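Take a look at the structure below.
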Amino acid sequence: MAQSPRSSPDSGAETVPGPVADLARVLRLDRRTWDGIAEVEPVRAMATVLGGWLLMAWHRFGVQGLSAPRVGVRFVLVGIYGWLGLTAVLVLAGALLHRRTGSTATVAGRAGSTATVAGRVLPLSALAHQPLLVTGFVLLFAQVLPIPWLTTGVTVLALGFWMPAMLGAAMASALDTDPARAAAVTAVGYLAWAGTAGRFLLDRVGHLV
């Protein structure tokens with residue numbers, strides 16, 4: 001994955017000294033972390049989404065899913081379609097934002113078409129599924145970690161805060177806009193995702209949380 005020296009006046013959150021800035025970089029909540037990603041390998045981006053939903057499918061069906069693979073495949077396809085739908089909503093919301101503000105969408109500091117911006121939003125929105133992947137791993141080991149409310153706490157933090165916050169930082173980079181406008185675009189996309197794929201996920205594995 002190549003690195004890019006891209007920077008702009010709106011390059012994400014203000015510089016905060018100490019462990020807060022380090023934590024923001026580790027959790028990918030700092031726009032500059034996403035600015036440094038020049039290109040994302042499609043396989044790597046897809047693997048993040050696929051891995052998260054495969055783990056959730058395992059939690060839902062377990063070994064039984066191997067004997068009836070169609071059900072598991074449909075489950076994972078909901079996650080993939082949800083990601084593609086999320087990307088479409090983010091691109092449309094971003095286009096409306098730039099139209100209202102009269103600005104021009106840019107990629108790597110250069111003016112870009114909607115298709116070009118979509119080509120960056122797609123992989124970054126996939127990487128922003130990492131909290132879902134982490135939640136899947138926590139659920140995987142929750143049975144051997146007798147810690148009360150562990151899965152509930154991790155799920156709420158990961159899907160209620162970390163994932164939308166990470167997605168907001170990614171969209172600030174992908175759409176080359178300030179954090180407030182990126183948050184507005186992200187809210188539209190994430191609420192759409194939560195009301196469709198997210199609701200489906202909760203209905204199927206909510207009992208494990």
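Applying the condition of being of a type in the set (Val, Ile, Thr) and modelled with pLDDT under 55 to the range 1-31 and asking which residue is surrounded by the most Cβ atoms within 10 Å (Cβ to Cβ) yields 16. Within the option set 191, 159, being of a type in the set (A, V, I, L, M, F, W, C), free of Cβ contacts under 8 Å to residues at least 24 places away in the same chain and open to solvent by 30 Å² or more (accessible area, probe 1.4 Å) holds for one residue only, 191.
Of the residues making up the range 165-179, just one is surrounded by fewer than 20 Cβ atoms within 10 Å (Cβ to Cβ) and at pLDDT 95 or above, namely 165.
Of all the residues in the range 57-74, those that are part of a helix (DSSP H, G or I) and either open to solvent by 50 Å² or more (accessible area, probe 1.4 Å) or modelled with pLDDT of 95 or more (or both) number 10. Is it true that residue 148 is more than 12 Å from the chain's Cα centre (by Cα) and under 24 Å from residue 33 (Cα atoms)? Here the answer is no, as residue 148 does not meet what is asked. Under the condition of being part of a helix (DSSP H, G or I) and β-branched (Val, Ile, Thr), which residue from the range 32-55 is surrounded by the fewest Cβ atoms within 10 Å (Cβ to Cβ)? Per the criteria, the residue is 43. Pairing each residue of the range 78-90 that is in contact (Cβ under 8 Å) with a residue 24 or more places away in the chain and surrounded by 15 or more Cβ atoms within 10 Å (Cβ to Cβ) with any residue that is in a helix (DSSP H, G or I) and hydroxyl-bearing (Ser, Thr, Tyr), provided the two are 6+ apart or on different chains, yields C-beta distances under 7 Å for 82/196; 83/125; 85/196; 86/125; 87/125; 90/125. So is residue 138 at pLDDT below 95 and crowded, with 20+ Cβ neighbours inside 10 Å or not? No: the conditions fail for residue 138. The residues on offer are 84, 50, 77, 96, and the sole one that is modelled with pLDDT under 95 and not hydroxyl-bearing (Ser, Thr, Tyr) is 96.
The values are calculated or read from the model by the stated rules, or taken from the named source; none is laboratory data. Predicted model only: the values in this text are computed from it and were never measured. Virtual Cβ from ideal backbone geometry, glycine too; neighbours counted across all protein chains shown. Ligands, DNA and RNA are stripped out before the accessible areas are found, and what is left, the full protein with its side chains, is counted by its heavy atoms. Shrake-Rupley method; radii C 1.70, N 1.55, O 1.52, S 1.80 Å.
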